Amino acid sequence: MKAIVVGSGGREHALAWKLLQSPKIQEVICIPGNGGTATLPGCRNLALSVDDFEGIARFALVNNVALTVVGPEQPLAEGITDYLQAQSLKVFGPTQAGAQIEASKAWAKALMAEAKIPTAASAVFTELAPALAYLEEQGAPIVVKADGLAAGKGVTVAATLEAAKAAVEAALGGQFGAAGCQVVIEAYLEGQEASVLAVTDGKTIRPLLPAQDHKQIGEGDTGPNTGGMGAYAPTPVLPPSLLEQVQRDILDPAIAALRDRGIDYRGVLYAGLMITSTGELQVIEFNCRFGDPETQAVLPLLLTPLEDVLLACCEQRLATLPAFDWQPGCTACVVMAAEGYPERYPKGMAIEGLAAAAENAVVFHAGTKLEGGTVKASGGRVLGVTATGPNFDAAIARAYRAVEQIQFEHRYYRRDIGHRIQGLIAQE
Ligand code: AMP
Ligand code: GLY
């Protein structure tokens, strides 16, 4: 069968790569894809925009595509699934109504309150004066979130009241356009963050292996937030006992609440969690898609054919699928970026050493393109280098060995991916 993967990042390369490991998958078409999907055997890129729903539907119908997997949140929030489903195409990814769980933080908070899902106390504002009064009342530290999609830049974790006020003023003043006309002000939570990507057919929901990512650009988790500088799985901060609690207190109630709202959600529900120092679980956010770079860390360990899982979700028969089969061991994914990211960064650098690195790791491409037979950097996050090993020390060491084999001008990567679990591994 043929499958389409919509998107052009490392997550989409990982999805295409994993789909192609199944003998049932003849071809993957990545729309628009990147330099990695252009050179992946069995995969080809199609130069359509992710919001060209009509073009994507036409291609899928003419080419008898069995499954379309949507990577990024934007087309989901704009209704790609509704559009393709209306033409009887199978799509892995929620409808526009379901995607609100990521596209509106206020909507997600209301759903969590209704479903009694543990999350930080919060209030929603559209007017400046009451928002500022609320901040005065609550004090700092406090978190200010633009309601809508803001390309990962809409959240300010404010250490001081002044910073919080400035964030509210900026958001309500139009810094994020329509996405910031409404703000959620939320209590500050402390602890370890973890990501649970759970697949669902709208009735049954099952977590994949839990992961952790490193959002900040600098070593020691410092500096501005990025799309993610590295990830690893399965994180020991969410052992099976806690994962059961995630299922019972978060995933099952979330799907039930979506159903109560008449939403038939088929895709990934990504729970961004905080595990507080007292071991409590709190939801920081829900996303309506696979995480990036968590997907690059989680999928290499999946042994169950990915298309079986995704089609079972599309066809509402996830409950009949046996428990997912995982390769024992651990993964570490180190993101190689262009220096300057997440601000201004150079593009067009030729990338060397990819073949040598492939002996130690799978190199997922993010911001790359193939130009005259050469792979060149074309984005802020350039590559996600994922290695597997019997334990985290081995996986991390192999990932860095592969990273050091890859050369391009102005490359930047963090050397401390996995540092937050060092103590935990030692205690095992
Ligand atoms: P979000 O876009 O909601 O994932 O937020 C981006 C990042 O901001 C999260 O990954 C956290 O690191 C941080 N964050 C969000 N909400 C909170 C909170 N209530 N307390 C502490 N940190 C938070
Ligand atoms: N790695 C964070 C995200 O995908 O939102």
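The values are calculated or read from the model by the stated rules, or taken from the named source; none is laboratory data. Please read these numbers as outputs of a predicted model, since none were measured by experiment. Note: ideal-geometry Cβ built from the backbone for every residue, glycine included; neighbour counts use all protein chains shown. Ligands, DNA and RNA are stripped out before the accessible areas are found, and what is left, the full protein with its side chains, is counted by its heavy atoms. Shrake-Rupley method; radii C 1.70, N 1.55, O 1.52, S 1.80 Å.
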Approximate spin-label separation Ala163-Ala358, in nm, with each point projected 7 Å along Cα-to-Cβ: 4.4 nm
For the chain, the longest site-free run once trypsin sites (Lys or Arg not before Pro) in DSSP loop states with at most 11 other Cβ atoms within 10 Å are removed: 117-343
Among Ala133, Ala402, Ala167: highest mean-square fluctuation, GNM of the chain, C-alpha pairs under 10 Å: Ala133
Accessible area in the full protein assembly, largest first, 1.4 Å probe, for Ser104, Ser277: Ser277, Ser104
Projected label distance in nm at Glu315 and Ala151, using a 7 Å step from Cα toward the beta-carbon: 4.0 nm
Contour excess over end-to-end distance, with Cα ends at Lys347 and Glu137 and 0.36 nm allotted per residue: 71.0 nm
Lys, Arg +1 and Asp, Glu -1 on Cβ, resulting dipole of the range 186-241 about Cα centre, debye, nearest 20: 300 debye
The range 1-158 - charge dipole about Cα centre, Lys and Arg +1 at Cβ, Asp and Glu -1, debye rounded to 20: 680 debye
Extension gain, Leu128 back to Tyr412 (0.36 nm per residue minus Cα-Cα distance, nm): 98.3 nm
Ranking by accessible area, most exposed first, for Ser241, Ser122 with a 1.4 Å probe: Ser241, Ser122
Residue-averaged 222 nm ellipticity for the chain, from DSSP H runs of 4+ at -39500 (n - 2.57), nearest 500: -8500 deg cm²/dmol
Helix runs (DSSP H) in the chain reaching 18 Å along axis by Cα, Kyte-Doolittle at least -1.0: 392-405
Ala394 paired with Ala113, simple spin-label distance in nm, labels 7 Å along Cα-to-beta-carbon: 5.0 nm
Residue with peak Gaussian network fluctuation, the chain [Cα springs, cutoff 10 Å], from Gly148, Gly230, Gly36: Gly148
Using alpha carbons only: equivalent-ellipsoid semi-axes of the chain, gyration tensor based, whole Å: 31, 26, 23
